[in-house]
Amino acid sequence: NAGLAAVLQEQGKHNEAAACIRLALTIGRTMHNSPCIGVALLALANLRVAQAQTFSKKLPRARTRLLNHAKEDIQRVLALEGLEAETRTRSQLTLAQISLLMGAMKKAKALAEKVIDEAQQHELASVEEKARRLLEGQLIY
């Protein structure tokens, strides 16, 4: 369901994506499956980042609130035991994106560089490419 949420999010169907994420979280929590919960929380954070990007400068409080919630989601993911390397690396990439959107450029750069190293180590080419684009100042979600 978290994978479907990502597809729906790319199509701009945020409500449908949120429903899939809720279902994925429910399933992961029912099964007590940390990797499942991590993927669902990562999808939720990415959805919140996408929603925050749709807000203009005219709604800074709503944008900041969404980014703070996304950051909390990522912190929960990274605190989980038994997380897969790909989920951990993608979570750090999302945290770098959040830092960039919040204006913390040094932190975003440091996180993106760390993501590149980890992505190379775990052979995650698409994650590495997104981190490189982030270093160039491009938003990736």
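Restricting Arg76, Arg90 to those that are basic (Lys, Arg), at pLDDT 95 or above and surrounded by 23 or more Cβ atoms within 10 Å (Cβ to Cβ) reduces the list to Arg90. Please work out which residue is farthest from the chain's Cα centre (by Cα), limiting yourself to segment 93-114 and to residues that are open to solvent by less than 60 Å² (accessible area, probe 1.4 Å) and closer than 15 Å to Gln51 by Cβ. In this case the residue turns out to be Leu101.
So that you can scan it fast, the table gives a plain yes or no per residue for (1) of a type in the set (Gly, Ala, Ser); (2) out of contact with any Gly (no Cβ under 9 Å at 6 or more places or on another chain); (3) at pLDDT 95 or above; (4) part of a helix (DSSP H, G or I):
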| position | (1), (2), (3), (4) |
| --- | --- |
| Leu100 | no, no, no, yes |
| Gly103 | yes, yes, no, no |
| Lys106 | no, yes, no, yes |
| Leu111 | no, yes, yes, yes |
| Ile116 | no, yes, yes, yes |
| Ala119 | yes, yes, yes, yes |
| Glu123 | no, yes, yes, no |
| Leu134 | no, yes, no, yes |
| Leu139 | no, yes, no, no |
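Among the residues making up segment 4-21, a single one is touching a residue at least 40 places away in the same chain (Cβ under 8 Å), out of contact with any Cys (no Cβ under 6 Å at 6 or more places or on another chain) and small (Gly, Ala, Ser): Ala6.
Which of the residues belonging to segment 1-18 are open to solvent by less than 40 Å² (accessible area, probe 1.4 Å) and within 13 Å of the chain's Cα centre (by Cα)? Answer for segment 1-18, where residues must be open to solvent by less than 40 Å² (accessible area, probe 1.4 Å) and within 13 Å of the chain's Cα centre (by Cα): Ala2, Ala5, Gln9. Candidates in segment 116-131 are the residues that are under 16 Å from the mean Cα position of the chain (by Cα) and under 23 Å from Gln9 (Cα atoms); of these, the one that is surrounded by the fewest Cβ atoms within 10 Å (Cβ to Cβ) is Ser126. If you go through segment 60-73 and keep only what is open to solvent by 10 Å² or more (accessible area, probe 1.4 Å) and not charged (D, E, K, R), you end up with Pro60, Ala62, Thr64, Leu66, Asn68, His69. Right, Ala45: among the small types (Gly, Ala, Ser), touching a helix residue (DSSP H, G or I) at 6+ places or on another chain (Cβ under 8 Å) and over 17 Å from Leu101 (Cβ atoms) or not? No, not satisfied.
Residue count for segment 25-62 satisfying the condition of being without any contact (Cβ under 8 Å) to a residue 40 or more places away in the chain, small (Gly, Ala, Ser) and in a helix (DSSP H, G or I): 3. In this structure, Lys57 qualifies as of a type outside the set (Ser, Thr, Tyr) and open to solvent by 70 Å² or more (accessible area, probe 1.4 Å).
The values are calculated or read from the model by the stated rules, or taken from the named source; none is laboratory data. None of the values given here were measured: they were computed from a predicted structure. Cβ: placed from backbone, ideal geometry, glycine included. Neighbour counts: every protein chain shown. Keep in mind that these areas ignore ligands, DNA and RNA; they rest on the heavy atoms of the full protein, side chains included. Shrake-Rupley method; radii C 1.70, N 1.55, O 1.52, S 1.80 Å.
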